[in-house]
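Heads up, the thing below is written out as structure tokens.
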Amino acid sequence: MGAGEGVRRVLPARPLDRDGARPDRRPDRDPRERGDPPVRLHPGPRLRRRDPRRVHQRLHDPAPRGRDPDRYPGGRRAARAGGPGGGRGGGDRGPRQPRGGPVTTVRTRFAPAPSGAIHVGNARTALYSWLTARHHGGAFVLRIEDTDASRVSEEAVHLVMDSLRWLGLDWDEGPDVGGPHAPYRQSERLDIYREHASRLLSEGRAYRCYCTPEELEQRRREALAAGRTPGYDGRCRTLTEAERAAFEAEGRPAALRFAMPERGFVVHDLLKGEVRFAPGSLPDFVIMRSDGSPTYLLAAGVDDLLMGMTHIIRGEDLLASTPRQLALMEALGATTFPTYAHHPLIVGPDRQPLSKRHGATSVEAFRERGFLPEAMVNYLAILGWSYGDRDLFTLSELVELFDISRVSRNPAMFDVQKLEWMNAHYIQQLDDDELAARCLHALTAAGLLPEPSLVRRAMPLVRERMKVLTDAAPLLRFLFTDDVEPDERAATVLTGAPEGYLEAAAAALERVEPWTAANIAAALDVLAQGAGLSRTKGWQPVRAAVTGSTVSPPLPESLELLGRERTVARLRAAVARAR
RNA sequence: GGUCCCAUCGUCUAGUGGCCUAGGACACCACCCUCUCAAGGUGGAGACACGGGUUCGAAUCCCGUUGGGACUACCA
């Protein structure tokens, strides 16, 4: 495993040189063909279990690849056997810097582009970042990536913050709370990006590109049609003074393009291991649009650097852009780089990455459907991360146990059924007061006028019948409205009841004293027996008449809550309706 | 097309060369319990994509095939 020791180092340092330029399909793939020491191509399990606190490696340092015998005392089995405290993967003897550098506290960020409500995939990314920060006692920052003004809205920013807060993910620095690197909204940092961009320009690390989007698109299509690689060909990189002057005279708007170094890059990813990018596979990219606004690549790169992020946890759709950011940071003078972890995306039932097409996938939508934040967080954590055979974790347990390097490398399918099961589990954990409080909104949203004390008393009847909070509404509807017109099934039950049965029921219940579930049950039994009916057959007509449904919480308890008067009234109303 | 990532029950996963006759959870099926619906209990069915190699031994390491996915924007 010697050569693999460098996996956590994020340096784009190691040039792939001529090897990487080989035209064959797997440049640089077979270490045996080269003079180099063998390179671990697939991260061994141990490699993925590093203590993420050891960050910020220097760029071109050959790196001491020595072993760290103390890193994983006993390996994971031993760590696990040690219980919660021992589950941290071993490296708990404090942050260590390879060369005695300053101790770096972990800093992670969540950087959404607020183009709408945050969806569960992003929420999971936020959770992983947050957990990584909290696990290591570091800082979590919220940064708003709104450099594309056309796509963001103020409302969306608040929606994002609301969802995060609801999930219980707080941030130490952000647009609302400020912090040492404020502002945290990229639209308010435009000067910073401009400044860095012009520095890159003056240092020759970036150049003006006069190609118009139309021309670019045209060439792209041609390249594709001809079977060539469609990336930018770098033509404006080598413009002569005369050509440049001509374009300027023409009044062509110029974008700023970053000049990628002519070499390969290797991204050391906590989940993927060493990911190599050969020279030539990384075209020059735009960092400033012709309108003077920064692109994501510039803004994110500059901010991650300036804000001192140590760990960048994000979806693997961004993996391919990482070498660009590394190159950019390097050009900006960075000597230390963040550690990256690119996790797989969440997919929908069709195996396609989860998106709006899959219906309501926003955190807000799940909240509205009556999911508990406890369940949401637990499920999201489990979706792609595991800790032995356990799958129930509270947020604080997650903080204790979470390890980003143990996140799965497979895309996970979002399984609402499991989420529902988990939600039901957390509903069971709540006491009646708490459950009632949380149900109120769902009841109101269903058009009912819930009376809080009655809701509270009804909780024991419905809690184990609910998967989501909104399940309470149909179950408890009969308590909060007198409009209990029987549905189709209930109507069938009512017409099937013996002649005079409901009148008898009304009369019998009227005499129950005191009005308790036990007494009600006894009366109902007498009633059914008198008519020669089983409990099942005998109670259903009463249920249908009183609740308007064939499904309800336990009948006697339901009637107790409803009260004698309303119960009897509904039975008589049903009789009247039948005539 | 090019670059990159990925591959264990239907789903999420455990697995780190012998503890594997592959474990758990959700879902599913059957039975029990039962006033409806649930919940609960008991039991059951269900997977290492394929082909080579390395090894005494492979789910595990290597190569390939196949199949998914990402990126390839003056979007993030």
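Would you mind calculating the gained length between A:Leu318 and A:Glu451 on full extension (0.36 nm times residue separation, minus the Cα-Cα distance), in nm to one decimal?
Once the chain is fully extended between A:Leu318 and A:Glu451, it gains 42.9 nm.
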(request) Compute the Kirkwood hydrodynamic radius of segment A:452-579, taking the inverse of the mean of 1/r over all pairs of distinct Cα atoms, and give it in Å to one decimal. (result) 14.6 Å
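Report, to the nearest whole %, how much of the accessible area of segment A:202-324 belongs to carbon and sulfur atoms, 1.4 Å probe, protein only.
53 percent
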(request) For a quick protection proxy, order the peptides A:532-539, A:392-399 by their average other-Cβ count within 10 Å, most packed first. (result) A:392-399, A:532-539
(request) Compute the separation of the alpha-carbon centres of segment A:309-338 and segment A:379-428 and state it in Å as a whole number. (result) 28 Å
(request) Name the shape class, rounded, prolate or oblate, that the alpha-carbon gyration tensor gives for segment A:347-387, where a ≥ b ≥ c are the square roots of its eigenvalues, rounded holds for a/c under 1.5, and otherwise prolate holds if a/b is larger than b/c and oblate otherwise. (result) oblate
(message) Could you check the spin-label model distance between A:Thr492 and A:Glu434? Points 7 Å from the Cα along Cα→Cβ, value in nm.
(response) 4.1 nm
(request) Starting from the amide H of A:Arg107, placed 1.01 Å from N in the peptide plane, find each other amide H under 5 Å away whose residue is 5 or more places distant or on another chain. (result) A:Ala139, A:Thr310, A:His311
(message) So with the 1.4 Å probe, I'd like the accessible area per residue for segment A:494-541, rounded to whole Å².
(response) 53 Å²
(request) Show which lysines lie in cross-link reach of A:Lys418 when reach means a straight Cα distance below 20 angstrom and same-chain residues fewer than eight apart are skipped. (result) A:Lys467
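Accessible area per residue, 1.4 Å probe, Å², for segment A:177-304: what's the number?
So segment A:177-304 comes to 48 Å² accessible per residue, rounded to a whole number.
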(message) Classify segment A:342-461 from the C-alpha gyration tensor, please: rounded if a/c falls under 1.5, else prolate or oblate depending on whether a/b exceeds b/c.
(response) oblate
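May I ask for the Rg/Rh ratio of segment A:496-538, computed from Cα atoms with Rh as the Kirkwood radius, given to two decimals?
We get a ratio of 0.96 for segment A:496-538.
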(request) Might you tell me the accessible area per residue for segment A:338-491, computed with a 1.4 Å probe and given in Å²? (result) 45 Å²
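The values are calculated or read from the model by the stated rules, or taken from the named source; none is laboratory data. For clarity, every value in this text was computed on a predicted model and none was experimentally measured. Cβ: placed from backbone, ideal geometry, glycine included. Neighbour counts: every protein chain shown. For accessibility, only protein heavy atoms count, side chains too; no ligands or nucleic acids. Shrake-Rupley method; radii C 1.70, N 1.55, O 1.52, S 1.80 Å.
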